[in-house]
Structures are given as structure tokens and as C-alpha cells.
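Everything below concerns the one structure shown next.
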Amino acid sequence: MNPLEVLSKFAAETTFETLPSEVVARAKWVLRDTIAVILGGMAEPENRALADYAAAEYPGQAMIIGHGGRVKPGWAALVHGTAGTTLEMDEGHAFARGHAAIHAATPALALAQSGKALITAFVIGYEVAARAGIATRLRKEVHPFGAWGVLGAAAVGAYFKKLTMLQVKEALEVAASYAIIPSFNTAYQGANVRNTYAGVVNELGLRAVEFYMRGFRGERGGVETAFGHILGDAFNPDVLSDELGQRYEIMRGYFKPYSGCRYSHAAIDAVLYLLREEEIQAEQIQRIDVATYAAAAHLSDPAPTTPLGGRFSVPYIVAAVLTLGSAGPEAFTPDALNDPRILSLAARVNVSENPEYTAMTPAKRPARVRVYFADGATREAAVMGSKGDPDQPMTPNELEAKFYHLSGRLMSRERAAWVWDALEQLETLDDLSEFFSTLGQHKGGGTIH
């Protein structure tokens with residue numbers, strides 16, 4: 001069998017009983033985190049408007065988290081994929097250079113009726129998406145959210161349709177044609193159409209399975225064509241099957257403690273380190289130099305005008321952390337984006353590439369922050385990675401605090417605690433009706449300022 005066939009066999013034959021216990025445990029943590037970022041993102045007005053539209057135009061059985069409307073599964077995956085990426089806090093995978101969880105969790109949440117099925121489908125979708133991401137070297141202009149994640153969503157759809165190995169392979173070949181043209185410039189410019197990329201390809205991945213079952217077939221070798229020649233410069237198919245079933249990619253993912261592009265997180269950690277050492281008065285700062293790896297050095301706009309633009313601006317984020325002491329969602333509200341203190345300081349932040357740091361990626365994503373003061377003094381901190389990476393993981397308490405902070409934007413503490421506990425024993429839930437009903441309840445809505 002070729003590597004895609006081996007991966008398809010894994011997707012077709014994996015059951016809950018074949019999953020290692022540590023993979024099940026990790027999957028539940030990632031599901032908690034993903035549900036939290038969806039709830040947090042659903043508080044944003046454009047996402048609530050999207051949910052209202054979906055519920056009115058595409059009614060169905062799948063619950064919209066934090067909203068209460070019920071829609072067709074594909075639209076649930078679309079709305080949740082959009083909401084889950086809005087705050088830039090969803091789980092990611094450094095070696096895939098993207099985010100596998102949002103492409104696997106949201107279609108699984110839309111289709112699962114039992115806890116075991118939810119976990120199994122999620123792990124399968126994550127494995128397919130992450131391995132496709134690792135195999136792909138995307139062109140620098142392409143944003144990963146609209147690319148290889150479509151395969152993860154299709155793998156989830158195939159699981160629920162009980163497709164055979166050959167059928168999964170052929171469905172993935174159909175799905176490869178449905179990757180979109182996701183420009184990374186949208187993120188740099190702060191154009192929030194970028195937030196819809198993951199949701200759109202999640203819906204398209206599920207649609208690919210439905211089309212396949214009705215007789216449509218894709219290009220033979222279409223996965224490599226799409227991701228190795230059109231959206232990417234190269235594709236290594238051997239990655240699809242390398243240590244498959246022994247090394248689960250979900251175990252190598254990272255969690256995000258901050259509401260910004262992952263490329264900015266090392267700089268955030270360095271600034272927070274300096275703040276823990278000694279208080280810094282922003283008005284005493286002459287300038288700040290940030291040296292980091294190439295991808296992060298591109299995030300250099302000192303005056304972003306939208307929340308997404310702020311999340312993709314190292315100067316803004318560094319200034320916001322020094323001013324507010326936080327890089328949470330509250331640092332990217334309209335008030336914060338127009339705060340003259342933050343903007344004045346951001347204008348004094350210079351970002352540059354350190355080629356030695358670039359050479360360390362993706363295993364390490366370093367940054368060095370050097371602060372120059374008006375009196376001639378300097379302070380400096382360098383970090384080799386980011387909080388949440390496998391080698392410096394967020395603690396269970398930190399992940400729980402993140403869950404309650406984000407879910408609290410729409411859900412009462414009592415209901416959030418019920419969901420948290422339900423996810424701990426997810427594999428024992430044979431019927432997820434009450435689980436989804438609780439997730440659909442909310443306490444109002446609106447954006448937090």
C-alpha cells in the first residue's frame with residue numbers, strides 16, 4: 001500500500017478500543033480547549049450574526065455552541081470553525097505549521113451522538129490533518145487554515161459514514177480539490193475573512209464525503225497535486241504513514257495561552273519574563289528591539305486597525321502586554337486598539353529576523369526582546385520556545401483557567417463546570433443530547449470590553 005492508503009486504512013479501521021489511553025486523555029484536553037475557544041469566539045458580533053443566518057437558512061439537528069440554534073452538520077462545522085479561530089487561541093501543531101484540532105473537532109462535534117464516537121472521530125481527523133500538514137510545505141503566501149485541514153474534516157465525515165479503506169482514500173482525493181485559496185495577507189492586513197477559512201473547508205470536507213457517496217471521484221494523486229504543486233512547493237507522502245499508530249500527532253500539539261498568532265508568543269513570554277523581574281514604566285522606554293525567526297518577523301505592523309490585525313502584530317502585542325499586562329482577548333478590543341499609550345509604544349518596537357532563530361524552526365520558535373530606556377539602561381530576555389509547547393506545557397490548572405475565562409464570555413460558571421466535568425468522563429456518555437443542549441445555552445452575548 002502507498003502512504004495515503006495506509007493512512008486511509010488507519011482512518012477506516014481505528015476504533016475507540018484501539019486508541020491508547022494517553023491519546024484518549026489528550027484528546028479530551030484538546031476538546032475542552034477547542035470548545036472553550038469556540039465559546040469565546042461566539043461572543044463576537046460577526047460570529048453571532050453568522051450563527052443567526054445559518055440557523056435561519058439551514059436548519060438541522062446539529063447544535064450551535066453558545067447560540068442554541070440547530071443547523072445542518074456542515075454549517076455547524078463552518079460556524080464553529082470560524083468562531084474557534086477568531087480569538088487566535090485554538091490548539092496548534094508546530095510541525096504541521098498550522099492547527100489540526102479545529103478541522104477535526106468541529107465536524108466531529110457536528111456529527112457525534114456518543115462520547116466514544118466523538119473522541120474516535122476527533123483523533124482520526126486530527127491525525128489525518130496533522131500528517132497532511134507535516135507532509136506539505138505551503139507556499140509562504142498561503143494560510144494553512146484553508147488548505148490541508150479539508151482532509152481532516154473529510155476523514156471525520158468518512159468515519160461516520162463507515163467508509164472502507166479504499167473509500168476513505170477516494171473521498172480524501174475528492175476533498176483535496178476543495179482546498180480554497182487562503183491568502184496569508186488577510187491575516188497581516190487584519191481582514192477577518194481569514195477567520196472563516198477553517199470553517200469553510202470544514203464544511204467542504206464533509207461535503208466531499210457526501211459527493212463521493214453519490215458517485216463523484218477525485219484526481220488520482222490529487223492530494224499531492226493540491227498540496228505539493230498548487231498550494232505548496234513540496235509534499236512528502238511518506239510522512240502520512242511514518243510510525244502511524246505508534247506516534248500520534250495529537251500528542252505533539254501545543255496549547256495557546258495568549259490571544260495572538262503563535263508566531264508572537266515567544267516575544268510575549270520574553271516581555272512577561274521582564275515584567276516579572278521588575279516593573280517597567282512605558283514612558284521611560286526609548287525603543288524595543290525584537291529579534292525572532294522569519295515567519296514572526298513578518299508580523300511588523302505597528303498600528304493595526306482590527307482585532308485580527310492586532311493579533312498578527314508583534315509591535316502591537318509587545319506594547320499591549322507592557323501596557324495592560326495581558327495578551328488575552330481584552331488586549332484586542334476596539335478600545336485597546338485605539339489606546340494612545342499602546343500605539344505610542346508600538347511605534348517604538350522594531351522587529352527583525354535572526355537567521356539563527358529561523359534555522360531552529362519548527363522544533364523551536366525563539367525570540368529575544370531588548371528594551372532600551374531613556375537613561376541609557378537596557379534590559380533583555382530571550383526564550384527558545386513558547387508557553388504551551390510540549391516541552392513547557394500549560395498546566396492542568398492553567399488550561400482549566402483558560403476554559404473558564406473563555407467560556408465565561410457566554411456561559412455561566414455553573415454550566416461551564418457541568419461541561420468541564422462531562423468532558424472528563426466523555427467516553428462514558430452513550431447519548432450526547434444533554435451535553436449538546438447544555439453547550440447551546442448562553443447567558444446573553446456581545447463582545448467583552
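The values are calculated or read from the model by the stated rules, or taken from the named source; none is laboratory data. A quick note: this is a predicted structure, and the numbers were derived from the prediction, not measured. Because the Cβ atoms are built from the backbone with ideal geometry, glycine has one as well, and the counts that use them run over all protein chains shown. With ligands, DNA and RNA removed, areas are computed over all heavy atoms of the protein, side chains included. Shrake-Rupley method; radii C 1.70, N 1.55, O 1.52, S 1.80 Å.
Descriptive notes on the structure:
- Overall form of segment 205-322: prolate. Here a/c, set by the Cα gyration tensor axes a ≥ b ≥ c, is 1.5 or more, and a/b is the larger of a/b and b/c.
- Taking the average, over residues, of other Cβ atoms within 10 Å as the packing measure, peptides 96-107, 207-218 rank 96-107, 207-218 from highest down.
- Per-residue packing, averaged as other Cβ atoms within 10 Å, sorts the ranges 346-359, 59-72, 314-327 into the order 314-327, 59-72, 346-359, beginning with the highest.
- Shape call, segment 177-240: gyration tensor on alpha carbons, a/c limit 1.5: oblate
- Leu439 sits with roughly 0 Å² accessible to a 1.4 Å probe, with DNA, RNA and ligands left out of the calculation.
- Amide H contacts under 5 Å for Ile280: none, restricted to partners 5 or more places along the chain or on a different chain, H placed in the peptide plane at 1.01 Å from N.
- Once the Cα atoms are used to define both axes, helix 3-13 deviates from the longest principal axis of the chain by about 70 degrees.
- Segment 340-408-segment 1-64 distance, computed between alpha-carbon centres (Å): 29
- Relative to the longest principal axis of the Cα atoms of the chain, the long axis of helix 314-324 makes an angle of roughly 70 degrees.
- Averaging the Cα positions of each part gives two centres, and for segment 128-206 and segment 215-272 these lie 10 Å apart.
- FRET efficiency for the Gln425 to Ala374 pair, using the beta carbon distance and R₀ = 60 Å, is estimated at 0.60.
- Heavy-atom accessible surface of Trp29, to the nearest 10 Å², is about 70 Å², with a 1.4 Å probe and all protein chains retained.
- Overall, the anisotropy analysis places segment 333-449 in the oblate class: the square-rooted eigenvalues a ≥ b ≥ c of its C-alpha gyration tensor yield a/c not less than 1.5, with a/b not exceeding b/c.
- If you take all other residues with their beta carbon under 12 Å from the beta carbon of Glu277, and give Lys and Arg +1 and Asp and Glu -1, the sum is -1.
- In order along segment 131-142, phi translates into HN-Hα couplings of 5, 5, x, 5, 5, 9, 10, 5, 5, 5, 7, 9 Hz, rounded to whole numbers, per the Karplus curve 6.51 cos²θ - 1.76 cosθ + 1.60 with θ = phi - 60° and x for Gly and Pro.
- Annotation: Val6 carries an accessible surface of approximately 40 Å², with a 1.4 Å probe and no ligand, DNA or RNA atoms counted.
- Principal-axis tilt of helix 45-57 within the chain, Cα atoms, nearest 10 degrees: 20
- For Rg and Dmax of the Cα atoms in Å, the value computed from the atomic coordinates appears in the list (1) 21.2, 73; (2) 25.4, 97; (3) 25.8, 89 under label (1).
- Nitroxide proxy distance, nm - points 7 Å out along Cα→Cβ at Ser412 and Met360: 4.8
- Net charge of neighbours whose Cβ lies under 14 Å from the Cβ of Arg214, counting Lys and Arg as +1 and Asp and Glu as -1: +1
- Charge tally in the Cβ shell below 12 Å around Lys443, where Lys, Arg are +1 and Asp, Glu are -1, Lys443 excluded: +2
- Derived scalar couplings between HN and Hα for segment 197-211 equal 4, 4, x, 4, 6, 4, 5, 5, x, 5, 5, 4, 5, 5, 5 Hz in order, rounded to whole Hz, by the Karplus curve 6.51 cos²θ - 1.76 cosθ + 1.60 (θ = phi - 60°), x for Gly and Pro.
- Placed amide H near Leu429: partners under 5 Å, 5+ positions off or other chain: Gly115, Lys116
- Between Phe16 and Arg341, the contour length at 0.36 nm per residue exceeds the alpha carbon distance by 111.8 nm.
- If you sort Arg131, Arg139, Arg276, Arg341 by accessible surface, 1.4 Å probe, largest first, the order is Arg276, Arg341, Arg139, Arg131.
- Amide proton proximity set for Val349, modelled H, under 5 Å, gap of 5+: Ile288
- Along segment 382-397 the Karplus relation, 6.51 cos²θ - 1.76 cosθ + 1.60 evaluated at θ = phi - 60°, assigns HN-Hα couplings of 10, 10, 9, x, 10, 4, x, 5, x, 8, 8, x, 5, 6, x, 5 Hz to successive residues, with x for each Gly and Pro.
- Here the accessible area of the chain is 51 percent carbon and sulfur, with a 1.4 angstrom probe and all protein chains present.
- Modelled label positions at Thr305 and Glu330, each set 7 Å beyond Cα in the direction of Cβ, lie 2.8 nm from each other.
- Per residue value of the accessible surface for the chain (all protein chains in place, 1.4 Å probe), Å²: 38
- Once the Cα-Cα distance is subtracted from the 0.36 nm per residue extended length, the Phe95 to Arg287 segment shows a gain of 65.8 nm.
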